[in-house]
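The values are calculated or read from the model by the stated rules, or taken from the named source; none is laboratory data. Note that the structure is a prediction, hence the values are computed from the model and not measured. Note that each Cβ is placed from the backbone with ideal geometry, even for glycine, and that neighbours are counted across all protein chains shown.
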């Protein structure tokens, strides 16, 4: 038996709608004499990342913990903080083709939600990238209190969209998140790039 066609779209932020130029972090690391990749490695270590994704600590507190962990490598707390601030001043870029898809499906009456593991800086990022009015709902893990790929996260997202899971198409670049969405009853597609836009259009009922 075939699935019902999706009537709502839930799209990931980082890696799908927002992309990051790795040259920015690399430039900061060179400027401050850091090992290549160390900023992301420290920030994404689960012990520091998990609390901020579930709202237990703020984005600012998370970055302070990153600077603290970086201090031994640079030998000076102020210089470590400056490196983190320089890195964080870049907030990524919107993928114009993904944004065009979102505008297209919303214009056709399909509700679109942003489904992201994010910090309390998300609203400011959306405003800075001129995305505040481009989405029907924003489902931020740090507000929900649970992160992808947990079933509870996707239940909250479907409630926010006002759409049953079987009628929601979720798009994410991470396999674990896609698997979690499917467990929660959503249709889910792992994002591989712009070649997937045709599939997403075909999977939505508009």
Here is a list of conditions, (1) in contact (Cβ under 8 Å) with a residue 40 or more places away in the chain; (2) over 24 Å from residue 180 (Cα atoms); (3) in the same structural domain as residue 173 (by TED's automatic domain parsing), and residue 120 meets all of them except one; can you say which number that is? (2)
Given (1) modelled with pLDDT of 95 or more; (2) in contact with a helix residue (DSSP H, G or I) (Cβ under 8 Å, 6 or more places away or on another chain); (3) under 27 Å from residue 46 (Cα atoms), index of the condition residue 74 fails: (1)
Any idea which residue in the range 1-32 is modelled with the highest pLDDT, counting only those that are over 18 Å from residue 90 (Cβ atoms) and surrounded by fewer than 15 Cβ atoms within 10 Å (Cβ to Cβ)? 5
Check on residue 150, in contact with a strand residue (DSSP E or B) (Cβ under 8 Å, 6 or more places away or on another chain) and within 29 Å of residue 183 (Cβ to Cβ): no
Of the criteria (1) in the same structural domain as residue 177 (by TED's automatic domain parsing); (2) in contact with a helix residue (DSSP H, G or I) (Cβ under 9 Å, 6 or more places away or on another chain); (3) without any contact (Cβ under 8 Å) to a residue 12 or more places away in the chain, which one residue 107 fails: (2)
Flag for residue 204 being farther than 28 Å from residue 61 by Cα, crowded, with 22+ Cβ neighbours inside 10 Å and touching a helix residue (DSSP H, G or I) at 6+ places or on another chain (Cβ under 8 Å): no
Are any of the residues in the range 92-100 surrounded by 13 or more Cβ atoms within 10 Å (Cβ to Cβ) and touching a helix residue (DSSP H, G or I) at 6+ places or on another chain (Cβ under 7 Å)? no
Index of the failed condition, residue 125 passing every other in (1) surrounded by 15 or more Cβ atoms within 10 Å (Cβ to Cβ); (2) touching a helix residue (DSSP H, G or I) at 6+ places or on another chain (Cβ under 9 Å): (2)
Complete set of residues in the range 163-172 that are touching a residue at least 40 places away in the same chain (Cβ under 8 Å) and buried (at least 17 other Cβ atoms within 10 Å of the Cβ): 163, 167, 168, 169, 170, 171, 172
Conditions: (1) closer than 30 Å to residue 99 by Cα; (2) in a helix (DSSP H, G or I); (3) touching a helix residue (DSSP H, G or I) at 6+ places or on another chain (Cβ under 9 Å). Residue 60 meets all but one. Number of the miss? (3)
Pick from 179, 160: which is under 18 Å from the mean Cα position of the chain (by Cα), touching a residue at least 12 places away in the same chain (Cβ under 8 Å), more than 18 Å from residue 114 (Cβ to Cβ) and not in a loop (DSSP other than H, G, I, E, B)? 179
Here are some residues: 142, 89. Which one is surrounded by fewer than 16 Cβ atoms within 10 Å (Cβ to Cβ), over 17 Å from residue 15 (Cβ atoms) and out of contact with any strand residue (DSSP E or B) (no Cβ under 9 Å at 6 or more places or on another chain)? 89
Those residues of the range 11-54 which are in contact (Cβ under 8 Å) with a residue 40 or more places away in the chain, in contact with a helix residue (DSSP H, G or I) (Cβ under 8 Å, 6 or more places away or on another chain) and at positive phi amount to 33
